[in-house]
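The values are calculated or read from the model by the stated rules, or taken from the named source; none is laboratory data. Please read all numbers here as calculations on a predicted model, not as lab measurements. All Cβ positions, even for glycine, are placed from backbone atoms using ideal geometry, and neighbour counts span all protein chains on display. For the accessible areas, the whole protein counts, side chains as well, though only heavy atoms, and no ligand, DNA or RNA atoms are used. Shrake-Rupley method; radii C 1.70, N 1.55, O 1.52, S 1.80 Å.
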Amino acid sequence: MANIKANIKNIRKTAKRTKRNKASISSLKTTNKTVRSGKNDLSAIYKKADMVKAKGRISKNKANRIKSRAAKAVNKNALAAKANTVAPEAKI
């Protein structure tokens, strides 16, 4: 433990910041999972990734990578769902 008052304050500030950073990143991961599973729409992950990026918690490239992978997964799920539906038979 630090003996200097300024260092003690810095430890408190770091703990508070760490907690805040982990909460926002955890929220981003949860939103990502709900979007990939189809429970939420794609705009939710776009908004969340941009918000976390704006706060400086993740880099610009990581935010873009998350959005891209989520869009790819959503499109893949949509195609799979479309392939599983049976088309109505054509009447002759």
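Each residue in region 36-67 was checked for being closer than 29 Å to Thr14 by Cα and among the hydroxyl-bearing types (Ser, Thr, Tyr), and 2 of them qualify.
Pairs are defined by a Cβ separation below 7 Å, a sequence spacing of at least 6 or placement on different chains, a first member in region 19-30 that is free of Cβ contacts under 8 Å to residues at least 40 places away in the same chain, and a second member that is open to solvent by 60 Å² or more (accessible area, probe 1.4 Å); the pairs so defined are Asn21/Arg57; Ser24/Lys55; Ser24/Arg57; Ile25/Arg57.
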